[in-house]
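Presented below is the structure to which this report refers.
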Amino acid sequence: IAFALNSRTGGAAVGVYSTVSRSVVATPVTVSADQQIVSLAYAHGVVYAGMTGGSGGAAVVAYDVTTKQVIDTSVPSSNAHRIDSLAASDAGVLYGVADTTLFAIDTDTMNVVKRKSFYATGATGNVVLADGKLTASIAGKIYNVNPQDFKSDYLMNGSHVAVNSFGDYYYSRDGGLYRKLMPREASAASGIRSVGGGVNLSLIDLRFGISSAMLILAIIAIPVLKLHWHRPTYVLRR
């Protein structure tokens, strides 16, 4: 897990924590002297930090976990004050939101390859990349965005959007939390769907897979266990 440490007087550091050893495996290293970290993303051994503050536009800093060094820096928009959200793809593209501008960075060169300004002013938002689908909340509105050309379709008013594995949207608006359900097969909507010859059970988006044989065994075992629980235990003494 990558984490950030910000100084009250300016400056920021990035470190890495291992959930296996439950210890810090990469001692925090300063990645900026005058900006602070407000967002993080990780891909292929590199941590990308979205910054705020300092002089000039907010930067994206690339930190190599292996060498423990900053390998590159990019400024997506010279007028942006904050980069509040980042999302890295497996194809070597880093997406982010700088104030009200959506951008894409080629992680090999750290050059900005696409940029789209949605509004001149307004609240910043976040970006989500799920199953190849790019979703962005910018200035209180949520959009589906084509990752290739940044053409966008308005979805609804809201911010802080999240997308689950079914493609459902979760977002905030006027102090409330909302959910927009997407169409799905009847079996999936009921929480049970067939996957590769097995059965996939769903409980409020927390899914776990079990085989058909295990399911049959469980169905048989439940009545037996019920009988055992209601049957008194006797000890024969001679």
Confirm whether Asp149 is part of a loop (DSSP other than H, G, I, E, B), among the acidic types (Asp, Glu) and either surrounded by fewer than 16 Cβ atoms within 10 Å (Cβ to Cβ) or at pLDDT below 90 (or both). yes
Taking first residues from region 8-32 that are assigned by TED's automatic domain parsing to the domain that holds Ser74 and farther than 15 Å from Tyr42 by Cα and second residues anywhere that are surrounded by fewer than 10 Cβ atoms within 10 Å (Cβ to Cβ) and not aliphatic (A, V, I, L, M), the pairs with Cβ under 6 Å that are 6 or more apart or on different chains are none
Within region 76-91, count every residue that is over 18 Å from Ala58 (Cα atoms) and either among the basic types (Lys, Arg) or free of Cβ contacts under 8 Å to residues at least 40 places away in the same chain (or both). 1
Identify, by number, the condition in (1) part of a strand (DSSP E or B); (2) modelled with pLDDT of 90 or more; (3) closer than 23 Å to Gly92 by Cα that Gly15 doesn't meet. (2)
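Being modelled with pLDDT under 50 and of a type in the set (Ser, Thr, Tyr) is true for just one of Ser165, Ser194, Ser172. Which residue is that? Can you show your working first?
Working: Ser165 fails: modelled with pLDDT under 50; Ser172 fails: modelled with pLDDT under 50.
Criteria check complete, one pass: Ser194.
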Give the residue, chosen from Ala139, Ala88, that is in contact with a strand residue (DSSP E or B) (Cβ under 6 Å, 6 or more places away or on another chain) and in the same structural domain as Ser39 (by TED's automatic domain parsing). Ala88
Could you run through region 105-122 and say how many residues are in a loop (DSSP other than H, G, I, E, B) and surrounded by fewer than 14 Cβ atoms within 10 Å (Cβ to Cβ)? 6
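The values are calculated or read from the model by the stated rules, or taken from the named source; none is laboratory data. Only a predicted model underlies this, so the values are computations on that prediction, with no experimental measurement involved. Note: ideal-geometry Cβ built from the backbone for every residue, glycine included; neighbour counts use all protein chains shown.
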